[in-house]
Amino acid sequence: MTAQPILIGGEWKAGRGPVVVSHYPHDQSVSGEVTGASPADVDDAVAAGKRALADPKWRDLLPHQRALHLYRIADLITARAEDLAQLQRRDNGKPISETRALVASAAGTFRYFGAVCETAEAELTPSRGPYLTMSTWDPCGVVAAITPWNSPIASDAQKLAPALAAGNAVLLKPAGPTPLVALELGRICLEAGLPKGVVSVLPGAGRSVGNAIVEHPDVKMVSFTGGTSTGKAIAHVAADKMMPVILELGGKSPTIVCEDAEIDHAVNGVIFGIFSSAGQSCIAGSRLFVAAKIYDAFLEKLVAKTKALRIGDPASETTQMGPQITPEHRASIEAYIDAGRKEGGAVLCGGERPAGAVYAKGNYLLPTVIAGLGNRARVAQEEIFGPVLVAIPFRDEEDLVAQANDSVYGLASGIWTRDYRRAWRLGRRLEAGTVWVNTYKLFSIATPFAGRKDSGIGVEKGRLGIRNYMRQKSVYWGLNEAPMPWAD
């Protein structure tokens with residue numbers, strides 16, 4: 001298999017780094033090979049991006065004209081939706097039903113920020129003297145979008161669309177295991193008419209390509225989604241460069257089931273919140289807090305339904321849960337499950353690989369529920385990023401809030417109750433950027449998304465998401481009839 005070229009400064013070229021191989025997590029077959037980028041390729045992409053920013057073909061486009069590019073990208077994504085969904089299924093092993101939804105989300109994201117682009121307004125500020133004052137917005141310059149492997153095309157769009165809408169040039173760095181969809185998105189950007197150099201797609205290892213991008217003196221802003229340790233390293237570089245960043249990092253999100261919850265709704269919601277995407281989600285509801293009065297009965301229903309989940313080939317229309325991304329990642333999850341056992345936890349279901357020929361070559365792991373541990377257990381504190389749910393009873397609201405907030409993370413949370421007053425009260429007290437009430441893991445591109453504590457800094461999505469990729473400028477217009485008196 002010949003390794004594919006990559007998009008460097010608007011041209012398809014062979015990268016000068018190690019070849020990147022995408023394996024299908026279902027059976028480890030090779031989905032594709034691409035030439036990886038090198039630090040020298042990063043230099044070339046940045047230089048091309050700077051040229052594009054200086055070119056009137058991009059620099060001088062009016063907002064509604066830039067928006068047309070985003071609308072065309074959205075239309076091309078929609079036209080190729082099935083091919084893109086199948087490609088992402090091969091790239092990271094998500095069930096085809098999930099990848100179709102992610103592709104649709106990506107198209108919607110480009111349309112949304114196209115609309116934001118052509119309707120965003122500058123501000124005329126109140127005058128406090130003989131002058132007129134206004135606030136305008138400029139693009140940051142060459143910006144980096146570094147995305148994770150668990151939801152590639154949706155994550156790519158979530159960064160690329162507002163960055164382009166703001167008028168930047170973008171270096172898109174996909175995660176190592178999943179380069180294929182990002183390159184197709186780069187191809188779509190070119191076909192939509194974006195000028196040469198506005199978008200580059202640079203697959204490769206984070207320690208080489210990622211570091212070269214973040215540390216490059218001409219990269220003026222970084223948006224990163226991924227692990228907390230990597231995010232903190234980027235933050236240190238950004239501090240030295242005086243560069244703005246958006247960091248959407250890890251999570252250990254609490255899901256709360258009160259004694260008055262609608263049980264069937266809560267069971268389904270908890271299962272979806274942790275086991276969809278095979279648990280490989282930053283906002284997965286991995287800590288389950290259940291009111292002590294209903295704890296045993298709730299777990300009985302939860303475990304029975306978890307055991308009935310359909311696990312298998314992501315190509316199947318009926319599959320609910322696919323494999324883990326790599327054998328190494330599965331081994332890491334298994335080590336956590338073993339740690340939970342050693343700490344005294346009881347594995348109520350799962351905790352092992354499924355049996356059968358269909359699973360033999362893939363990175364499969366059964367959905368796992370662990371009980372009998374407190375919130376300070378390692379499996380309740382560290383992000384596992386897999387299909388492992390830790391169930392913990394709570395006595396009262398004070399006990400619940402103390403346990404739920406006892407985490408270095410603060411990304412998301414869920415509350416299941418019929419009492420809207422309780423939901424509001426708990427939601428305000430939880431240290432999390434997103435609170436779902438009687439639902440879980442729903443997203444809208446129009447609604448801001450952010451983490452607290454070690455879950456990150458900065459806000460993505462929403463109408464003001466475009467401003468994260470821009471710099472504010474104030475303009476004063478003198479209206480005084482006479483010369484300034486100071487110089488006389």
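Please identify every one of the trypsin sites (Lys or Arg not before Pro) in the range 322-385 that sits in a loop by DSSP and has no more than 12 other beta carbons within 10 Å of its own beta carbon.
For trypsin sites (Lys or Arg not before Pro) across the range 322-385 that sit outside H, G, I, E and B with at most 12 neighbouring Cβ atoms in 10 Å, the list reads ARG376.
When only alpha-carbon atoms are used, what values of Rg and Dmax, in angstrom, describe the chain?
24.1, 92
So if I take the centroid of the Cα atoms in the range 263-317 and the same for the range 354-372, what is the distance between those two points in Å?
The two parts, judged by their Cα centres, are 15 Å apart.
In whole Å, how far is the Cα centre of the range 444-488 from that of the range 1-80?
Value for the Cα centre distance between the two parts: 29 Å.
Between beta-carbons, use under 10 Å as the cut-off and find the net charge around ALA315, counting Lys and Arg +1, Asp and Glu -1.
0
Highest mean first, what order results for 123-131, 209-217, 167-175, 51-59 on Cβ atoms within 10 Å?
167-175, 209-217, 51-59, 123-131
If you take every DSSP beta bridge fully contained in the chain, what fraction is antiparallel? Give it as a percent rounded to 5.
Rounded to the nearest five, the antiparallel share is 45 percent.
Could you tell me which of the pairs LYS159/LYS473; LYS159/LYS307; LYS94/LYS196; LYS50/LYS241 are separated by over 26 angstrom between their Cα atoms in the structure shown?
The answer is LYS159/LYS307; LYS94/LYS196.
Which aspartates and glutamates, on any chain, are close to LYS461 with Cα under 15 Å apart, when same-chain ones fewer than 8 places away are left out?
Straight-distance partners of LYS461: ASP156, GLU248.
Given the C-alpha centroids of the range 120-134 and the range 422-436, what is the distance between them in whole angstrom?
First find each Cα centre; the distance between them is then 38 Å.
Compute the acute angle (0 to 90°) between the alpha-carbon long axis of helix 152-165 and the principal axis of greatest extent of the alpha-carbon atoms of the chain; round to the nearest 10°.
Orientation of helix 152-165: about 20 degrees from the principal axis.
Laboratory data are not the source of any read-out in this text; all were calculated from the coordinates shown. Keep in mind it's a predicted model, so treat the numbers as computed, not measured. All Cβ positions, glycine included, derive from the backbone under ideal geometry; neighbour counts span all protein chains shown.
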